[in-house]
Amino acid sequence: MCEMVIQTLRQVVARELPDDKVMELDAMDHFPEDIIRKLLSPDVGLHLIFLPEEFGGLGGGARDICKVSEEMASHDLGVATAFLAICLGTDPILVGGTPEQKSKWLTRIATEGLIVAYGVTEPEAGSDVASLKATADRILDADGNVTGYRLNGTKQFITNGGVAQIYTILARTPDGLSFFVVERGTDGLSVGKHEEKHGIRASNTTGVLMEDMDLPAENLIGLDEGQGLKQANAVFGYTRLMVGAFGLGGGQGPLNRALAYAKTREQFGAPLVEKQGYLLKLIVENWIDLAAGRAHMEQVAMQLDEGATDLGTEGSIAKLWGTEAGNRAADASIQALGGYGYAKEYVVEKMRRDVRITSIYEGTSEIQQSIISLYRWKESVRSKGGFYENLAVDMDRLHEAEPEVGAAMIAAAFRGLNDVVMHMHKARLTRNQIVMFTFADMMTVCEVAGAFAHKAGRLHEQGDPQGEIFTAMSRVFARKAVRIVSEGAGLCAGGWTAEQDPEALTTAEIMLKGVMVRFPVAMTAGLWPDMVLVGAYLKSKS
Ligand SMILES: Cc1cc2nc3c(=O)[nH]c(=O)nc-3n(C[C@H](O)[C@H](O)[C@H](O)COP(=O)(O)OP(=O)(O)OC[C@H]3O[C@@H](n4cnc5c(N)ncnc54)[C@H](O)[C@@H]3O)c2cc1C
């Protein structure tokens with residue numbers, strides 16, 4: 001099903017969004033409503049992938065949504081963002097609606113191809129959603145029964161804000177935050193300022209204003225006040241993965257162009273792709289980072305599709321890695337094209353501007369770092385280090401079965417990470433946000449490396465033609481896990497000062513030596529040869 005949707009998407013994109021059209025939309029800061037309508041039409045029905053079959057959708061799973069998201073983002077992240085907002089806006093109904101509400105709204109979204117917007121952010125409530133000020137006061141009848149709600153407030157940066165037919169709006173009811181469904185044309189609802197943006201200029205972003213906007217009580221999602229934050233968090237489980245996929249696609253799109261360019265551009269008598277440093281620094285490292293992020297995302301999506309819940313931290317890791325790696329890849333792609341990368345004509349410049357948003361919306365990178373470090377630190381302490389030791393043991397087993405994927409290095413990295421987390425906890429230095437952010441970076445790379453090694457091992461075991469190259473890529477990434485834990489340990493050790501604790505330097509030294517001894521040079525040797533191998537593969541790739 002997913003392959004069919006992707007094929008249709010490719011055909012429509014090739015027809016409707018060639019490079020010159022994409023650049024025109026960017027220059028004009030124009031939302032292509034006609035193209036979005038075609039994508040939502042019964043012929044294409046792209047939105048159907050995330051709607052359940054019982055309401056007229058295709059019932060796609062997380063894996064399907066991630067693949068389609070990455071594909072869309074590799075073409076145009078502005079158009080992809082319009083879809084993200086439809087998915088986001090629909091999700092509160094999907095996760096929190098009553099059966100009647102689901103049947104009414106989801107069926108309409110599926111069959112009428114409605115554009116939806118998700119209204120949470122406010123001028124003074126961005127990352128801190130719980131502080132939002134929009135109010136939804138009860139409207140009572142003569143007997144004191146709630147017949148409706150009166151909404152007042154301002155929403156900021158709402159994707160599809162100026163073009164949506166349906167909005168899901170989060171506002172403060174007497175019993176807490178609650179989502180409401182609002183139809184375009186409702187009295188009191190108006191569109192605010194259109195934002196002129198750095199990138200994704202083909203997406204429509206506006207304020208949404210509510211002035212004495214009355215809604216019937218039946219528009220309260222779930223018909224129960226105070227469920228909004230729970231619903232918003234449930235939504236994040238999927239959408240953060242989706243934005244992680246945007247990061248991967250938004251980085252892979254320009255990187256594909258950079259690789260193609262490097263094969264034809266000659267300097268100093270040879271194509272750029274033949275320059276070893278250029279190839280390894282600008283193309284190979286980023287290619288591997290994106291491939292690793294994809295493996296991790298596939299793993300999380302599969303767990304979601306198998307019914308796993310409580311994968312919020314995994315979703316944050318997927319978002320943090322996918323979007324940061326996508327940003328780095330797009331930036332390196334400009335560098336790979338030199339002056340032409342900086343010129344608009346080659347599109348890479350626009351793609352780099354576009355992907356920048358992915359580490360901001362749906363929870364910034366710093367918010368993801370906070371979530372990852374907080375939950376993993378708590379879990380590590382609760383399990384007395386058992387959480388990461390279990391992942392290390394999993395890597396020991398993988399190493400026995402598939403010794404070529406670098407799992408022994410990842411096992412050592414997990415154990416080194418564990419040492420740092422437990423030492424810092426004991427020293428009560430986890431109160432420092434910089435320590436927690438460093439934890440998050442180490443945890444992210446180690447967990448992504450684990451997923452990548454499993455994928456490489458699987459492909460190798462199955463005799464897949466990609467098996468050899470994936471094992472080489474996994475070894476390169478495993479060394480990244482070792483490197484980040486070494487660096488992170490050094491940074492964390494910098495938190496001890498002799499003034500606070502006379503034994504400080506000794507304690508820091510014990511921690512550092514303990515971590516470093518896990519990483520003998522012989523274990524991590526061979527980095528460049530593996531990267532050269534991957535480079536040779538990319539050079540031969542048509
Ligand atoms: C193009 C675009 C489309 C968007 N679409 C939508 C949409 O459809 N619906 C919607 O509801 N919202 C949307 N948003 C809003 C988006 O989700 C927010 O911009 C984002 O969550 C960040 O909030 P903020 O901009 O207020 O930044 P702030 O929360 O003010 O953050 C500013 C900086 O401070 C950092 N920071 C914040 N808190 C902490 C902390 N505790 N510790 C350390 N650092 C911190 C952040 O990481 C960031 O670097 C969109 C935004 C943009 C730009």
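A few comments on the model shown:
- Region 422-514, accessible area per residue, ligands and nucleic acids excluded (1.4 Å, Å²): 46 Å²
- C-alpha long axis of helix 2-16 to longest principal axis of the chain, angle in °: 80 degrees
- Rg and Dmax of region 81-230, Cα atoms only, in Å: 14.6, 53
- Space enclosed by the convex hull of the alpha-carbon atoms of region 268-400, per residue, Å³: 153 Å³
- Fraction of C-alpha pairs exceeding 19 angstrom in region 163-226: 39 percent, rounded to a whole number.
- Evaluated on region 197-303, the Kirkwood hydrodynamic radius is 18.5 Å, with distances taken between all distinct Cα atoms.
- Length gained when the stretch TYR340-GLU274 is fully extended (0.36 nm per residue, less Cα-Cα span): 21.9 nm
- Computed on the Cα atoms alone, the convex hull of region 384-542 gives a volume of 109 cubic angstrom per residue.
- Over the chain, dividing the summed -39,500 (n - 2.57) contributions of all DSSP H runs of at least 4 residues by the number of residues returns a 222 nm mean residue ellipticity of -19000 deg cm²/dmol.
- Tail beyond 22 Å, pair distance distribution of region 324-424 (Cα, percent): 56 percent
- Accessible surface of region 1-109 [probe 1.4 Å, protein heavy atoms]: carbon and sulfur percent: 53 percent
- Protein accessible area in region 307-436, 1.4 Å probe - carbon and sulfur %: 53 percent
- Region 106-145: projected area of the alpha-carbon convex hull, averaged over directions, in nm²: 5.4 nm²
- Computed with the Debye formula from one identical point scatterer per Cα of region 109-198, without solvent, the log10 of I(q)/I(0) at q = 0.19, 0.26 Å⁻¹ comes to -0.93, -1.39.
- Enclosing the Cα atoms of region 1-68 in their convex hull gives a volume equal to 94 cubic angstrom per residue.
- Sorted largest first, extent of the chain alpha carbons per principal axis (Å): 79, 61, 43
- In percent, rounded to a whole number, the relative contact order of region 365-447 is 40, using alpha-carbon pairs under 8 Å and six or more apart.
- Separation of the TYR537 and GLU218 label points, Cα + 7 Å toward Cβ, nm: 5.7 nm
- Sorting 345-354, 518-527 by their mean Cβ neighbour count within 10 Å, with the most densely packed peptide first, gives 345-354, 518-527.
- Working note: Cα gyration tensor of region 6-147, eigenvalues times five, square-rooted, sorted largest first, giving semi-axes of 32, 20, 14 Å.
- In a simple Cβ point-charge model (Lys, Arg +1; Asp, Glu -1; nothing else charged), the chain has a dipole of about 1440 debye relative to its Cα centre.
- Kirkwood Rh in Å, taken over region 461-532 so that all alpha-carbon pairs contribute: 14.5 Å
- Considering region 269-325 at the alpha-carbon level, its Rg and Dmax are found to be 16.1, 56 Å.
- Positive contributions from Lys and Arg (+1) and negative ones from Asp and Glu (-1), summed over other residues with Cβ under 11 Å from the Cβ of ARG376, come out at -1.
The values are calculated or read from the model by the stated rules, or taken from the named source; none is laboratory data. Predicted, not measured: the structure shown is a model, and the values here were computed from it. Every residue, glycine as well, gets a Cβ built from its backbone with ideal geometry; the counts of neighbours run over all protein chains shown. Each accessible area value is taken on the protein alone, full model and side chains, heavy atoms only, with ligands, DNA and RNA left out. Shrake-Rupley method; radii C 1.70, N 1.55, O 1.52, S 1.80 Å.
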